[in-house]
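The values are calculated or read from the model by the stated rules, or taken from the named source; none is laboratory data. Please read all numbers here as calculations on a predicted model, not as lab measurements. Because the Cβ atoms are built from the backbone with ideal geometry, glycine has one as well, and the counts that use them run over all protein chains shown.
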Amino acid sequence: MPYKIIFSDIDGTLLNSKKVLSDHTIETIQNISDKIPFVLISARMPKAMHHLQDDLNIKHYPIIAYNGGLVMVGEKTISSTTIPIEIVEKLHEFNSELNCHLSLYHEDEWYVPQIDKWSEREEANTKVAPEVKPNAEAIKKWKNEGKGAHKVMAMGTEEDIDSIRDYLNKNFPEELHLYRSKSTYLEIANRNISKFSAIQLLLKEHYQMDIKDCIAFGDNYNDVEMIEGVGMGIAVANARDEVLRVANTVTHAGIEDGVAKSLRELFKLQNSRV
């Protein structure tokens with residue numbers, strides 16, 4: 001069997017139009033995962049990934065959360081890279097003139113300044129409820145605990161998101177990675193992490209496999225390096241052009257069970273287990 005491990009993005013790649021795993025996807029991955037590790041890799045927080053692991057019966061496999069900012073094997077953290085809390089504080093101060101929604105994440109902590117349309121949308125998508133705590137209070141708490149943020153999600157008008165992007169690019173060009181999934185969303189992370197670098201670390205520290213042993217599925221800008229770098233990079237049909245250009249092959253859209261259909265073809269699955 002040419003490939004030894006599978007990595008899959010979640011949103012836009014693995015879930016159906018109802019933002020859940022289809023029965024076909026669950027059955028397919030369960031047919032494979034007793035022989036081949038199936039690792040979820042996402043911008044999500046761990047809690048928003050664990051219930052999907054439960055559905056797939058793959059809780060014994062690692063997860064890569066926050067686009068590579070947090071790599072966990074069971075309860076053990078093998079890599080954690082955060083945004084320094086001082087930068088989060090300066091962003092909060094700048095945002096006081098804009099009043100964008102800033103969601104603050106550290107491991108399974110998710111703090112929102114209030115429940116609004118932005119937090120409600122994220123909760124609906126991830127099936128995880130945030131805790132309401134003003135940004136200043138959350139920052140003070142993490143300062144006292146010696147923590148940074150694994151991710152900051154800025155959500156607001158396109159103009160306000162432009163302002164935050166420009167401010168961060170000007171003041172922290174070497175410290176931050178900015179990922180704009182849509183015009184009203186800006187995901188902010190430590191510049192030193194990526195999905196691909198997290199895969200490389202996990203392979204070295206845990207699996208002792210080669211990068212060419214990997215299959216990876218993805219759809220968005222934060223998947224480009226991963227799709228290009230692994231042995232078999234597969235884009236779903238709804239992927240960004242940048243992902244489609246570097247993929248080894250393209251499967252059906254995420255909402256059409258593209259991951260499952262591709263795996264059944266690659267591993268010649270019928271109804272029997274691999």
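Points to keep in mind about this one:
A quick yes/no check of all residues on (1) surrounded by 18 or more Cβ atoms within 10 Å (Cβ to Cβ); (2) among the small types (Gly, Ala, Ser); (3) touching a Leu at 6+ places or on another chain (Cβ under 6 Å):
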| residue | (1), (2), (3) |
| --- | --- |
| Tyr221 | no, no, no |
| Ile227 | yes, no, no |
| Ala237 | no, yes, no |
| Glu242 | no, no, no |
| Arg245 | no, no, no |
| His252 | no, no, no |
| Ala260 | yes, yes, no |
| Leu266 | yes, no, no |
| Gln270 | no, no, no |
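- For the residues Ala260, Ala216, Ala198, the requirement of being in a helix (DSSP H, G or I), at pLDDT 95 or above, among the small types (Gly, Ala, Ser) and under 18 Å from Ala65 (Cα atoms) singles out Ala198.
- Summed over the stretch 229-257, residues that are in a helix (DSSP H, G or I), within 15 Å of His24 (Cβ to Cβ) and either in contact with a Phe, Trp or Tyr (Cβ under 7 Å, 6 or more places away or on another chain) or not acidic (Asp, Glu) (or both) total 2.
- Tally, over the stretch 120-150, of residues that are in contact with a Phe, Trp or Tyr (Cβ under 7 Å, 6 or more places away or on another chain) and free of Cβ contacts under 8 Å to residues at least 60 places away in the same chain: 4
- Only one of the numbered conditions (1) outside the structural domain of Leu70 (by TED's automatic domain parsing); (2) surrounded by fewer than 21 Cβ atoms within 10 Å (Cβ to Cβ); (3) touching a strand residue (DSSP E or B) at 6+ places or on another chain (Cβ under 8 Å); (4) hydrophobic (A, V, I, L, M, F, W, C) is violated by Leu186, and that is (2).
- Test: residue in the stretch 17-37 that is closer than 18 Å to Phe196 by Cβ, in the same structural domain as Asp213 (by TED's automatic domain parsing) and surrounded by 18 or more Cβ atoms within 10 Å (Cβ to Cβ): yes
- Single match in Ile26, Ile78, Ile58, Ile64 (criterion: over 21 Å from Asn220 (Cβ atoms), under 21 Å from the mean Cα position of the chain (by Cα) and in a strand (DSSP E or B)): Ile78
- Positions within the stretch 29-53 being outside any loop (DSSP other than H, G, I, E, B), touching a strand residue (DSSP E or B) at 6+ places or on another chain (Cβ under 7 Å) and touching a residue at least 40 places away in the same chain (Cβ under 8 Å), in sequence order: Ile29, Ile32, Val39, Ile41, Leu52
- Residues of the stretch 97-149 that are buried (at least 20 other Cβ atoms within 10 Å of the Cβ) and of a type in the set (S, T, N, Q): Ser103, Ser119, Thr126, Asn135.
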